[in-house]
Amino acid sequence: MTAPISAMLVAGVDEAGRGPLAGAVYAAAVILDPAHPVAGIRDSKKLSARVRESLAAQITHHATAWCVARADVHEIDELNILQATFLSMRRAVAGLSHRPGLVYVDGNRLPGLDCPAEAVIGGDDLLACIGAASILAKVARDHDMIELAQRYPEYGFDRHKGYGTREHLAALQRLGPTPIHRRSFAPVRNSIGRESI
């Protein structure tokens, strides 16, 4: 049974991992508690990993509700990265323990939610609820890529998190794609046919 909408609750939604060549795309939805503000929230890309980790712990402890969701590499290749990102956002909002009356989504497009929503360009630096979602999504995705680096140590996922760095592209050319690479992305598609693991 779907929880009733609370007009008083506002959620922020953001994603992490649209650009990388490997790994899932993540999204988070966060309803902050005004009675327990968390200082220092901003766009996760402008924070160090250590600060992100600290803020993520505070956000998950103090937030009224939060959820992190993902769309995996197969969904990315099947749907395209934009639609897979929207899918992860819908999953994050659906996973909240309280249904918000309004959702602010970072960017200029909405993912198709079943509650009122507004797109906010640069929202991860403008609204704390979106910034909090940005932090949770980024921390969760980074943890995932660090774990995947243990499975595929030759690719350096713990260092570049799947982005198309020189190190990563060289590994792709040398080794071919792994099962966690996005085959719909041109650099991965162009490396298919080489020995893969």
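The values are calculated or read from the model by the stated rules, or taken from the named source; none is laboratory data. Because the structure is a prediction, the values reported are computed rather than measured. Quick reminder, even Gly has a Cβ in these numbers, built from the backbone with ideal geometry, and neighbours come from all protein chains shown.
Would you say residue 68 is within 13 Å of the chain's Cα centre (by Cα) and surrounded by 19 or more Cβ atoms within 10 Å (Cβ to Cβ)? Don't jump to the end; show me each part of the working.
Numbers: within 13 Å of the chain's Cα centre (by Cα): yes; surrounded by 19 or more Cβ atoms within 10 Å (Cβ to Cβ): yes.
The answer is yes for residue 68.
Look at the stretch 95-148 and say how many of its residues are free of Cβ contacts under 8 Å to residues at least 40 places away in the same chain and in contact with a Lys or Arg (Cβ under 8 Å, 6 or more places away or on another chain).
Residues in the stretch 95-148 being free of Cβ contacts under 8 Å to residues at least 40 places away in the same chain and in contact with a Lys or Arg (Cβ under 8 Å, 6 or more places away or on another chain): 3 in total.
Which of the residues spanning the stretch 39-62 are within 23 Å of residue 118 (Cα to Cα) and buried (at least 22 other Cβ atoms within 10 Å of the Cβ)?
Those that are within 23 Å of residue 118 (Cα to Cα) and buried (at least 22 other Cβ atoms within 10 Å of the Cβ): 41, 44, 59.
Taking the options 15, 53, name whichever one is modelled with pLDDT of 95 or more, within 13 Å of the chain's Cα centre (by Cα), among the acidic types (Asp, Glu) and within 14 Å of residue 137 (Cα to Cα).
Just a single option satisfies the conditions, and that option is 15.
Please pick out the residue among 88, 134, 48 that is farther than 15 Å from residue 29 by Cβ and either in the same structural domain as residue 34 (by TED's automatic domain parsing) or of a type outside the set (A, V, I, L, M) (or both).
Details: 88 fails: farther than 15 Å from residue 29 by Cβ; 134 fails: farther than 15 Å from residue 29 by Cβ.
Just one listed residue meets the conditions, 48.
For residues that are under 18 Å from residue 18 (Cβ atoms) and out of contact with any strand residue (DSSP E or B) (no Cβ under 8 Å at 6 or more places or on another chain), scanning just the stretch 170-195, find the one that is surrounded by the fewest Cβ atoms within 10 Å (Cβ to Cβ). Give the steps one after another, and end with the answer.
To start, the set of residues in the stretch 170-195 that are under 18 Å from residue 18 (Cβ atoms) comprises 180-189.
Applying the additional criterion that residues be out of contact with any strand residue (DSSP E or B) (no Cβ under 8 Å at 6 or more places or on another chain) yields 184-187, 189.
Values: 184: 15, 185: 19, 186: 11, 187: 15, 189: 15.
This residue is 186.
Checking residue 62 against (1) under 29 Å from residue 189 (Cα atoms); (2) in contact with a His (Cβ under 6 Å, 6 or more places away or on another chain); (3) of a type outside the set (S, T, N, Q): exactly one of these is not met. Which one?
The single condition residue 62 does not satisfy is (1).
Report, by residue number, each residue of the stretch 57-80 that is in contact with a helix residue (DSSP H, G or I) (Cβ under 7 Å, 6 or more places away or on another chain) and closer than 17 Å to residue 17 by Cα.
Passing the criteria: 67, 68, 69, 70, 71, 75, 76, 79.
Residue 38 - would you say it is in contact with a Phe, Trp or Tyr (Cβ under 8 Å, 6 or more places away or on another chain) and more than 21 Å from residue 162 (Cβ to Cβ)? Give the steps one after another, and end with the answer.
Working: in contact with a Phe, Trp or Tyr (Cβ under 8 Å, 6 or more places away or on another chain): no; more than 21 Å from residue 162 (Cβ to Cβ): yes.
It is false that residue 38 is in contact with a Phe, Trp or Tyr (Cβ under 8 Å, 6 or more places away or on another chain) and more than 21 Å from residue 162 (Cβ to Cβ).
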